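The next block holds one structure in the form of structure tokens; read it before the comments.
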Amino acid sequence: MTRGRRLAFLCLFFVSGACGLIYEIVWSRLLVFVFGGTTFAISTVLGCFMSGLALGSWLAGRWSAKAKRPERLYGILELCIGVYCLFIPFLLDAALPAYRWLAHLSGDSFALLTAACGIPSGPPPH
């Protein structure tokens, strides 16, 4: 890889990390409407984010060793993640009926509702 391409790759790698931090903030703000509290929202986001890093590292370690052009594989994965992140708000809206149903089923059981989906703080926004 030439020096220019390496520098471009490192810059894109930095931007990818910054986008990951932005995603965490946006998802935390969106999940507050679902869970009703920032503690549950941030815990969920961090748990999913760290689990995704661990799973991605484990899988990519196996696949990237076999890839002829690992930088291309990385770019494709980044594009897929970006497209998925664009759909998160719509996926959360689509999941609201399931959250409402779980909240209705759990009744007054704090433990059951927390284990199922967090603590709704009243009707979701709409």
Handout entry: Qualifying position, being outside any helix (DSSP H, G or I) and surrounded by 10 or more Cβ atoms within 10 Å (Cβ to Cβ), among ALA67, ALA95
Key = ALA67
Practice task
Name the residue, out of THR44, THR39, that is exposed (fewer than 15 other Cβ atoms within 10 Å of the Cβ), among the β-branched types (Val, Ile, Thr) and more than 23 Å from VAL15 (Cβ to Cβ).
Solution key: THR39
Practice task
Scan segment 58-73 for residues that are touching a Leu at 6+ places or on another chain (Cβ under 9 Å) and under 20 Å from CYS48 (Cα atoms) and jot them down.
Solution key: ALA60
Exercise for the section: Kindly list the number of the only condition in (1) under 17 Å from ILE88 (Cβ atoms); (2) surrounded by 14 or more Cβ atoms within 10 Å (Cβ to Cβ) that fails for SER51. Expected result: (2)
Practice task
Evaluate segment 19-34: report whether one residue or more is hydrophobic (A, V, I, L, M, F, W, C), exposed (fewer than 12 other Cβ atoms within 10 Å of the Cβ) and farther than 27 Å from ALA98 by Cβ.
Solution key: yes
Handout entry: Members of segment 48-69 that are within 16 Å of the chain's Cα centre (by Cα) and without any contact (Cβ under 8 Å) to a residue 24 or more places away in the chain
Key = CYS48, MET50, SER51, GLY52, LEU53, ALA54, LEU55, GLY56, SER57
Handout entry: Contacts under 6 angstrom Cβ, first residue in segment 1-22 being part of a helix (DSSP H, G or I), partner surrounded by 10 or more Cβ atoms within 10 Å (Cβ to Cβ), 6 or more apart
Key = SER16/GLU78
Practice task
Could you tell me whether any residue of segment 101-120 is modelled with pLDDT under 70, of a type in the set (Ser, Thr, Tyr), under 26 Å from VAL26 (Cβ atoms) and in a loop (DSSP other than H, G, I, E, B)?
Solution key: no
Problem - Residue in segment 1-47 that is farthest from the chain's Cα centre (by Cα), counting only those that are under 22 Å from CYS80 (Cβ atoms) and among the aromatic types (Phe, Trp, Tyr) - result: PHE9
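The values are calculated or read from the model by the stated rules, or taken from the named source; none is laboratory data. Just so you know, these numbers come straight off a predicted model, no measurement behind them. Here the Cβ is made from the backbone with ideal geometry for all residues, glycine too, and neighbour counts use every protein chain on show.
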